[in-house]
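What follows is calculated from the coordinates using simple rules that are stated; it is not laboratory data. Keep in mind the model is a prediction, meaning the values are calculated, not measured. All Cβ positions, glycine included, derive from the backbone under ideal geometry; neighbour counts span all protein chains shown.
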Amino acid sequence: MGEDYRTEEDSLGEMRVPADAYWGAQTQRAVENFPISGIAFGRRFVRALGVVKKAAAQANRDLGLIDEETADAVVAAADEVIAGDHDDQFPVDVFQTGSGTSSNMNANEVIANRAAEIAGAEVGDRVVHPNDHVNYGQSSNDVIPTAMHVAALEAVEKDLVPALETLHAELEAKEAAFDGVVKTGRTHLQDATPVRLGQEFGGYRTQIAKGIERVEAVQPNLRELALGGTAVGTGLNTHPEFPGLAAEYISEATGTEFREAENHFEAQAAHDAMAEAHGALRTVAGSMNKIANDLRLLASGPRNGLGEIEQPENQPGSSIMPGKINPVVAESVNQVHKQVVGNDAAVSAGAARGELDLNLYKPVVAHNFLQSTELLSNTAETFGERFVAKLEANEEHCETRVEQSMALATALNPAIGYDKASKVAKQALAEDRSVREVAVSEGYLTEAEADEVLDPEAMTRRVILGDD
């Protein structure tokens, strides 16, 4: 064997395992069986596995099903997993058995071997058993969906919502700062009636506010945990009080509310809650994409675009064109949106499948959900702090352009009628004159009337027609 390996054993026989690894035979088989992507589960999911195993040991200890000394060693080892001390001990590829059994056994073996070490034994001695102790009263079929919900809810609550709140705050600040800047509105990418730049940013701010509401609205179903259903949902080999007690311990460990699933058969055979929640993530990604695209358009130029806002100079934009600055942060938002849309297709397809009593797409659903959450969290914070916060309004340019807008003729409708207003707009465009100039020169309005009727700032506010 040599000094670099040790022998571990499972029901299929002996396996050679790296000597410094806490994992055992089943994990090693998975490493060899699934050289698929090189992508292993990340911090959130590994942490969630530790949380579930700790809670299970605590519940089984309280119920007298595992002796206190063994349970305490398991809890101590699980705490190290929760803290991230052993992330390098979880090498199993995401693309594995559909139940996630390999990842469950990876956690069982790592925690069992580390717990044995804590108890004063040697790694591999099995004084703490991966199945009989760490996995007591559990199945991969209920552990993995439980870890999915724990990881998903923690990622949403602790990462995504705070990041969206950062973006929301930056948009709100710009809404206030830009409230006095009147500019040309645009529909169909054509000139439309005036709007205040702050009003546009108020729209963006509201999109993110509603996105936070959408994300929070899907959280209740993620709070349901499959743990306690064991193999098919019947709870075979599990104490009746185990699911509720373990859920209480999980809530304590995470600082957020979890509860036993309303129906264990649904919780293991389907992952509708994950699909529903990811739909909210996809919507948030779409909102951010829309905002990023708008800001790119408003900042286009600097001399031959809209040029209504000035973007931050985050980095040189071209390897060949000197002085070029591109909206690079906004473009990263656009790209994240496309990735989240792709992830949503994988999550929704995986959640819709699985035969009879078990959904067999658990790892890919979990991976894509957590990747989307991480991407959106990082992007929202970066977008807010490194792009939105640094935007400036080009007030003089906005004022000049809005005065030249053909859409100002809309305000003439109540004064001179639609047909005459249309004639003014067409004449102004043909003669390269302003609507105001034509309306006055053709005798439709006096100078004083034009000042009142064709005030761009007044057009951005709702008025009561016919009011003196």
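Which residue, chosen from 148, 138, 316, occupies the Cα position most advanced towards the positive end of the dipole of the chain, where the dipole is computed from +1 (Lys, Arg) and -1 (Asp, Glu) charges on Cβ about the Cα centre?
316
With runs of 4+ DSSP H residues as the only contributors, calculate the mean residue ellipticity of the chain at 222 nm using -39,500 (n - 2.57) per run, divided by the residue total and rounded to the nearest 500.
Only helices count here, giving -18000 deg cm²/dmol.
Which whole number in µm²/s is D for region 248-384 by Stokes-Einstein, with the Kirkwood Rh taken over Cα pairs at 4 °C and 1.567 mPa s?
Value of D from the Cα-based Kirkwood radius: 74 µm²/s.
Local charge sum around residue 267 (other residues, Cβ-Cβ under 12 Å, Lys/Arg +1, Asp/Glu -1)?
Cβ neighbours under 12 Å give a net charge of -4.
Give me the percent of Cα-Cα pairs in region 116-215 that sit more than 17 Å apart, rounded to a whole number.
71 percent
Between residue 401 and residue 29, take the C-beta separation as r, use R0 = 45 Å, and let me know the FRET efficiency to the nearest 0.05.
0.10
Under the classification rounded if a/c is under 1.5, otherwise prolate if a/b is larger than b/c and oblate if not, where does region 3-149 fall, given a ≥ b ≥ c as square roots of the Cα gyration tensor eigenvalues?
Note, shape of region 3-149 comes out oblate.
If all Cα-Cα distances of region 399-468 are sorted into 10 Å bins from 0 onward, what percent lands in each bin, rounded to whole numbers?
Cα pair-distance distribution for region 399-468, in percent: 21, 59, 20, 1.
Which is farthest toward the positive dipole end of region 105-233 among 212, 180, 233, measuring Cα position about the Cα centre, with Cβ charges +1 (Lys, Arg) and -1 (Asp, Glu)?
180
Provide the per-residue ³J(HN,Hα) series for region 417-422, in order, calculated from phi with Karplus coefficients 6.51, -1.76, 1.60 and θ = phi - 60°, each as a whole number of Hz, with x at glycine and proline positions.
With the stated coefficients, region 417-422 comes to x, 5, 5, 5, 4, 5 Hz.
In nm, what is the difference between 0.36 nm times the number of residues separating residue 5 and residue 290 and their Cα-Cα distance?
97.2 nm
For the chain, which span is the longest to avoid every loop-located (per DSSP) member of trypsin sites (Lys or Arg not before Pro) having at most 11 other Cβ atoms inside 10 Å?
Counting at most 11 other Cβ atoms within 10 Å as exposed, the longest clean stretch of the chain is 1-302.
With only Lys, Arg, Asp and Glu charged, each at its Cβ (+1 for the first two, -1 for the last two), find how big the charge dipole of the chain is about the Cα centre; round to the nearest 20 debye.
Around 1480 debye, computed over the chain.
Of the listed peptides 344-350, 22-28, 35-41, what is their order by residue-averaged count of other C-beta atoms within 10 Å, with the highest listed first?
22-28, 344-350, 35-41
In what sequence do 129, 168, 337, 278 fall when counting other Cβ within 10 Å, fewest first?
Going from least to most buried by this count: 129, 168, 337, 278.
Go through 56, 356, 119 and say which Cα lies farthest out towards the positive end of the charge dipole of the chain; charges sit on Cβ, +1 for Lys and Arg, -1 for Asp and Glu.
Result: 356.
Give me a comma-separated list of calculated 3J(HN,Hα) values for region 369-386, in order, Karplus coefficients 6.51, -1.76, 1.60 applied at θ = phi - 60°, integers in Hz, x for any Gly or Pro.
Each residue of region 369-386 in turn: 4, 5, 5, 4, 5, 5, 4, 5, 4, 5, 5, 4, 5, 5, 4, x, 7, 9 Hz.
Please give the length that would be gained between residue 319 and residue 451 if that part of the chain were fully extended, namely 0.36 nm times their separation in residues minus their C-alpha to C-alpha distance (nm, one decimal).
42.6 nm
Pick out, in residue order, every one of the chymotrypsin sites (Phe, Trp or Tyr not before Pro) in region 158-227 that is DSSP loop and has at most 11 other C-beta atoms within 10 Å; say none if there are none.
When the chymotrypsin sites (Phe, Trp or Tyr not before Pro) of region 158-227 are filtered for loop state and at most 11 Cβ neighbours within 10 Å, nothing remains.
Below 11 angstrom from the Cβ of residue 280, what's the summed charge of the other residues (Lys, Arg +1; Asp, Glu -1)?
My count for the surroundings of residue 280 gives -1.
On a 0 to 90 degree scale, rounded to 10, what angle separates helix 272-298 from the longest Cα axis of the chain?
On a 0 to 90 degree scale, this one is about 30.
Quick one: if the Förster radius is 22 Å, what FRET efficiency do residue 389 and residue 217 give, using the C-beta to C-beta distance and rounding to 0.05?
So, using R0 = 22 Å, E works out to roughly 0.20.
What is the Å³ per residue value for the convex hull set by the Cα atoms of region 157-228?
Cα-based convex hull of region 157-228, divided per residue, equals 97 Å³.
Taking loop as defined by DSSP and a crowding limit of 16 other beta carbons within 10 Å, which GluC sites (Glu not before Pro) in region 102-151 fit?
Sparse-neighbourhood loop GluC sites (Glu not before Pro): 122.
For an R0 of 45 angstrom, estimate the FRET efficiency from the Cβ-Cβ distance between residue 418 and residue 210 and round to the nearest 0.05.
That pair, residue 418 with residue 210, gives E of 0.80.
Would you calculate the volume per residue, in Å³, of the smallest convex hull containing every Cα atom of the chain?
Taking the convex hull of the Cα positions in the chain, it is 192 Å³ per residue.
Nearest 20 debye, what's the magnitude of the dipole of region 250-404 about its Cα centre given +1 on Lys and Arg Cβ and -1 on Asp and Glu Cβ?
660 debye
Pop out the ³J(HN,Hα) list for region 252-258 in order, Karplus 6.51 cos²θ - 1.76 cosθ + 1.60 with θ = phi - 60°, rounded to Hz; leave Gly and Pro as x.
Going residue by residue, I get 5, 5, 9, x, 9, 7, 10 Hz, with x marking Gly and Pro.
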